[in-house]
2 protein chains.
Amino acid sequence: MTVSNASPPFGCVVIIGAGLLGASLGLALKSRRLADHIIGVGRREESLAIAKSKGAVDSVSLSVSESVRDADLVVISTPAALVIPVLHEIRPLLNKSAIVTDVASTKAGICDFADAAWPEPRRFVGSHPMAGSEKFGPEHAVPDFYEGSVCLLESSTRIDEEAQSLVAFLWRSVGSRVVPIDPEQHDLMLALSSHVPHVLAAALAIGAAEQHVIPDVIGNGFRDTTRIAAARPEIWRDICLTNKMAVLKGLKKLRANLQTFEQALRSDASDSIELFFAEGKAARHLLVGDNMQDERVSGE
Amino acid sequence: MTVSNASPPFGCVVIIGAGLLGASLGLALKSRRLADHIIGVGRREESLAIAKSKGAVDSVSLSVSESVRDADLVVISTPAALVIPVLHEIRPLLNKSAIVTDVASTKAGICDFADAAWPEPRRFVGSHPMAGSEKFGPEHAVPDFYEGSVCLLESSTRIDEEAQSLVAFLWRSVGSRVVPIDPEQHDLMLALSSHVPHVLAAALAIGAAEQHVIPDVIGNGFRDTTRIAAARPEIWRDICLTNKMAVLKGLKKLRANLQTFEQALRSDASDSIELFFAEGKAARHLLVGDNMQDERVSGE
């Protein structure tokens with residue numbers, strides 16, 4: 001992309017929540033000279049100081065309300081559970097042209113709230129950049145954090161077209177591939193592809209420890225299947241709570257599929273058991289594709 | 001290890017089942033000059049020819065009964081479901097000093113059968129070398145296949161001491177760390193650490209596909225959690241059937257843990273939800289330990 005001499009496309013950007021995602025976005029925008037001025041807003045002075053010293057933001061503030069008044073673009077990168085309270089707080093303070101987005105990994109509740117809070121067409125667009133790391137905090141922020149990732153972007157007839165284009169451009173400009181998606185569909189898909197797997201990974205690890213499994217028998221299969229159980233409990237508590245209905249639906253579905261398998265095994269229905277594994281293999285291939293690295297453990 | 005000028009420790013070795021595990025064992029023994037002569041036995045001439053051309057075996061045979069008569073050591077590396085039929089066939093044909101082991105990933109049924117078939121102390125010792133790959137067939141065999149892996153070795157007062165020492169030496173000499181384990185404990189631990197995770201990985205992939213999840217929303221979490229769903233269905237059918245009771249016990253336990261979580265989520269019991277994820281994280285840490293590579297996706 002060629003950056004012209006004209007003013008940067010994003011003007012005054014306010015990033016609320018200067019953690020890994022927020023500070024990385026700041027660094028990505030700064031390194032590409034895409035913003036006039038970036039204000040980092042947070043509750044912990046220490047985190048804000050780190051974000052500033054890394055050059056992720058130009059100035060910092062502990063006050064959401066003071067910071068957003070002159071914002072052209074507000075990015076809410078707080079934990080998911082805080083997005084609605086922040087939207088509620090800033091909505092009356094924003095100037096008319098301000099565009100708002102977020103980075104939460106659940107969307108329907110937030111987008112429903114925005115529907116009620118904004119006049120139509122609204123200038124809030126929900127985002128879910130699917131970039132992550134086991135690390136957290138602005139100290140680990142990097143300018144290429146979003147390079148090569150997918151950003152799921154709310155698609156709705158209620159959104160202002162300019163806002164939608166600008167937020168899509170935001171993510172594309174930091175290296176994401178933007179995929180439009182309906183918020184309810186998004187939440188069900190994420191429940192099945194991410195939230196339920198986190199619950200299962202934890203359940204598997206708990207079950208193995210309860211039965212006194214020893215580390216010597218642990219192979220790559222268990223290692224891979226439970227990898228995400230190492231995530232931060234408070235983050236996943238919030239994600240499950242904000243996506244409650246879809247997670248419950250996904251878990252119910254899963255328990256039904258497990259019961260089908262159990263019945264087949266209990267009755268030695270060898271063909272049904274093989275079919276179950278064959279369907280699992282085909283489904284994974286459909287969703288993930290194949291590559292050698294992915295399948296290094298299947299004969300274990 | 002210094003190899004003396006004396007005859008190799010394993011004399012005449014018969015490897016029944018010249019697949020990835022069997023042919024790799026042959027290559028490992030040959031490269032270390034640990035066997036006088038290795039006979040590869042199988043049902044498919046083509047596989048045997050590949051094993052021979054790679055130098056994994058010195059001669060080949062389609063007949064189990066003809067091959068084992070002069071064996072000093074027999075290694076059964078067929079699929080798990082065939083181990084007992086093979087034991088049944090060869091037991092009356094073996095000479096008195098012959099030692100037998102296997103490589104199946106379930107042990108109690110096989111070891112129980114050996115208890116009944118051999119006079120005490122028996123010269124059959126169950127092995128479970130935990131080495132694997134997505135590949136299969138002798139064409140992928142390599143001499144360092146077992147290097148750095150763990151081999152779980154049956155521990156029982158019914159086993160002849162010489163047989164136990166020799167089989168332990170076998171696995172150590174090809175690079176495995178040998179861990180003694182009771183066969184029933186083994187099967188329950190493997191159900192929880194490997195077999196149930198395979199069932200879950202398949203169930204997750206099936207659930208996601210049934211709900212029309214799109215590949216764009218798939219992140220590293222799903223990729224890791226379902227990696228083992230890419231395994232061969234017929235192998236996992238047999239493993240589950242041979243370890244039926246332990247797998248059913250593990251699945252029941254898991255469904256109970258999932259139900260606990262569902263109840264907590266349904267009633268917005270935020271502390272219980274966090275505790276569940278915290279217990280999962282602690283359990284995984286206990287069993288797998290931590291390293292950066294393991295946790296690259298936890299913030300997704």
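Counted by neighbouring Cβ atoms within 10 Å, the residues B:Met245, A:Met130 run from fewest to most as B:Met245, A:Met130. Here the Karplus curve 6.51 cos²θ - 1.76 cosθ + 1.60, taken at θ = phi - 60°, turns the phi angles of the range A:194-201 into couplings of 9, 6, 4, x, 5, 4, 5, 4 Hz, with x standing for Gly and Pro. By how many degrees, 0 to 90 and rounded to 10, does the Cα axis of helix B:108-117 deviate from the longest principal axis of chain B? For B:108-117 against chain B, the angle is about 30 degrees. The angle between the Cα long axis of helix A:270-288 and the main principal axis of chain A comes to about 20°, on a 0 to 90 degree scale.
What separates the Cα centres of the range B:231-245 and the range B:91-138 is a distance of 18 Å.
Using the alpha carbons alone, the radius of gyration of chain B stands to its Kirkwood radius in an Rg to Rh ratio of 1.03.
Backbone geometry of the range B:99-106 corresponds, through the Karplus equation with coefficients 6.51, -1.76 and 1.60 at θ = phi - 60°, to 3J(HN,Hα) couplings of 10, 10, 9, 9, 10, 5, 8, 10 Hz, x marking Gly and Pro. Ordered by the count of other Cβ atoms within 10 Å of each Cβ, fewest first, A:Glu89, B:Glu154, B:Glu279 give A:Glu89, B:Glu279, B:Glu154. The sum of -39500 (n - 2.57) across all DSSP H runs of n ≥ 4, divided by the residue count of the protein assembly as shown, sets its helix-only mean residue ellipticity at 222 nm to -14000 deg cm²/dmol.
For the residue pairs A:Lys96/A:Lys244; B:Lys135/B:Lys244; A:Lys30/A:Lys249; A:Lys252/B:Lys135; A:Lys244/B:Lys244; A:Lys96/A:Lys249, alpha carbon separations beyond 31 Å are given by A:Lys96/A:Lys244; A:Lys30/A:Lys249; A:Lys252/B:Lys135; A:Lys244/B:Lys244; A:Lys96/A:Lys249. Remark on B:Val179: its backbone amide H falls under 5 Å from those of B:Cys151, B:Leu152, B:Leu153, a criterion applied only to residues 5 or more positions apart or on other chains, H modelled at 1.01 Å from N. Here the Karplus curve 6.51 cos²θ - 1.76 cosθ + 1.60, taken at θ = phi - 60°, turns the phi angles of the range B:27-32 into couplings of 4, 5, 5, 4, 5, 9 Hz, with x standing for Gly and Pro. Distances between placed amide hydrogens fall under 5 Å for B:Phe136 paired with no residue 5 or more residues away or on another chain. For B:Arg158, the distances from its label point to the matching points in the remaining copies are 6.8 nm, ordered from shortest, with each point set 7 Å beyond Cα toward Cβ. Summary for B:Leu286: label point 7 Å along Cα→Cβ; distances to the equivalent points in the other copies, ascending, 3.8 nm. The aspartates and glutamates whose alpha-carbon is closer than 14 Å to the alpha-carbon of B:Lys52, local same-chain residues fewer than 8 away aside, are B:Glu139.
Computed from the Kirkwood radius of its Cα pairs, the Stokes-Einstein diffusion coefficient for the range B:44-151 at 10 °C and 1.306 mPa s stands at 105 µm²/s. Once the Cα atoms are used to define both axes, helix A:161-173 deviates from the longest principal axis of chain A by about 70 degrees. Amide H to amide H, with H built 1.01 Å from N, A:Arg122 comes under 5 Å of A:Ile159, A:Asp160, counting only residues 5 or more places away or on other chains.
Distances between copies of B:Lys135, taken at a point 7 Å out from Cα along the Cα→Cβ vector and listed shortest first: 3.5 nm.
Only the coordinates and a few stated rules stand behind these numbers; no lab work does. This structure is a prediction, so every number in the text was calculated from the model and none was measured. With ideal geometry, Cβ positions are generated from the backbone for all residues, glycine too; neighbour counts draw on all protein chains shown.
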